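Have a look at the structure below before the remarks.
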Amino acid sequence: MEQAPEEDMESSWTLLSWLASCVIVFGGAVPYIPQYQEIQRTNNAEGFSTRVCLVLLLANILRIFFWIGKQFEMPLLLQSVVMILTMLGMLHLCCSIQASNRVSTKQHHITDLDIRYFWSWSSFEDYLIFCFGFTLLSAFITFVFLDWVLFVEALGSLAVMFEAMLGLPQLLQNYNNRSTRGMSVKMVLLWTAGDIFKTTYFLINESPTQFLVCGAVQILIDIAILLQVGYYGQDSRSKLG
């Protein structure tokens, strides 16, 4: 017996929905593959801002606790777990590269409690300690105020505010260096494509407003970084030529 057109359409829509969910879960991690390969190839991590990792770790840890207070789509929750693991992987690589290139024996650790070297620690374990401490603090505050709707909404807004600032550290580092050398342009292009797709997904699925605002801000920052690529590229060519 042939399937009715309505059943075919429903099956196709289910497949598309499943594929979209997979893209949401794993798509955010894909842009970091070319950057990871670039750091490995050059044995230099200076072009990549590790503060991107800080922003995404804070955002996704908070988003997990936001889900506890206000459950949204499961793919968005799974995306947070995947992004946390991805950022830890990036930090591990950067720490390994910096250790192999380190000339001075002077090292900085989280236990030094020196604010000047915040997020510039010498050991990967220091970043793990920070993430563990931040998670414990977030868990305690969340479970104390979980019944307050205003707190839950504020937590969601804080999570997406951090996520919206994802590209800002890279934007500022490029500006300070007056160069985009060492930064993977493929990573930024994938950021842009992913953020457009993600924002569209939020719109179609009527996700919380916080997510839509986050997506729009991320797209604007992505475009600004791509403009930097063109501007600093032209500047470099004029100096050479």
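Principal-axis analysis of the Cα atoms of the chain puts helix 149-164 at an angle of about 50° to the longest axis. For the chain, the 222 nm mean residue ellipticity estimated from helices alone, with every DSSP H stretch of n ≥ 4 adding -39500 (n - 2.57) and the total spread over all residues, rounds to -26000 deg cm²/dmol. A simple rule links phi to the HN-Hα coupling: the Karplus curve 6.51 cos²θ - 1.76 cosθ + 1.60 with θ = phi - 60°, which for the stretch 61-76 gives 5, 5, 5, 4, 6, 4, 4, 4, x, 8, 5, 10, 4, 4, x, 5 Hz, with x for Gly and Pro. Calculated from the alpha-carbon coordinates, the stretch 148-240 shows an Rg and a Dmax of 16.0, 60 Å respectively. Centre-to-centre, using Cα atoms only, the stretch 154-194 and the stretch 9-71 are separated by 13 Å. A straight chain from Ser17 to Leu146 at 0.36 nm per residue would run longer than the Cα-Cα distance by 43.3 nm.
Projecting the Cα atoms of Leu58, Val81, Phe151 onto the dipole axis of the chain, where Lys and Arg carry +1 and Asp and Glu carry -1 at the beta carbon, places Leu58 farthest toward the positive end. Heavy atoms of the protein chains alone define the surface here; on that basis the chain has 57 Å² accessible area per residue at 1.4 Å probe size. Using C-alpha pairs below 8 Å separated by at least 6 residues, the relative contact order for the stretch 148-240 is 43 percent. Relative to the longest principal axis of the Cα atoms of the chain, the long axis of helix 124-145 makes an angle of roughly 40 degrees. For Ile219, the shell of other residues with beta-carbons less than 14 Å away shows a net charge of -2, using +1 for Lys and Arg and -1 for Asp and Glu. Whenever you get a sec, compute what percent of the accessible area on the chain sits on carbon and sulfur atoms (1.4 Å probe). Within the chain, the accessible surface is 66 percent carbon and sulfur. Across q = 0.09 Å⁻¹, the chain modelled as identical point scatterers on its alpha-carbon atoms has Debye log10 I(q)/I(0) values of -0.45, in the order of the q list. Overall, the chain carries a charge dipole of about 1400 debye about its Cα centre when +1 sits on the Cβ of Lys and Arg and -1 on the Cβ of Asp and Glu, all other atoms neutral.
The values are calculated or read from the model by the stated rules, or taken from the named source; none is laboratory data. Keep in mind the model is a prediction, meaning the values are calculated, not measured. Virtual Cβ from ideal backbone geometry, glycine too; neighbours counted across all protein chains shown. Remember, those area values only see protein heavy atoms, side chains included, never the ligands or the DNA or RNA. Shrake-Rupley method; radii C 1.70, N 1.55, O 1.52, S 1.80 Å.
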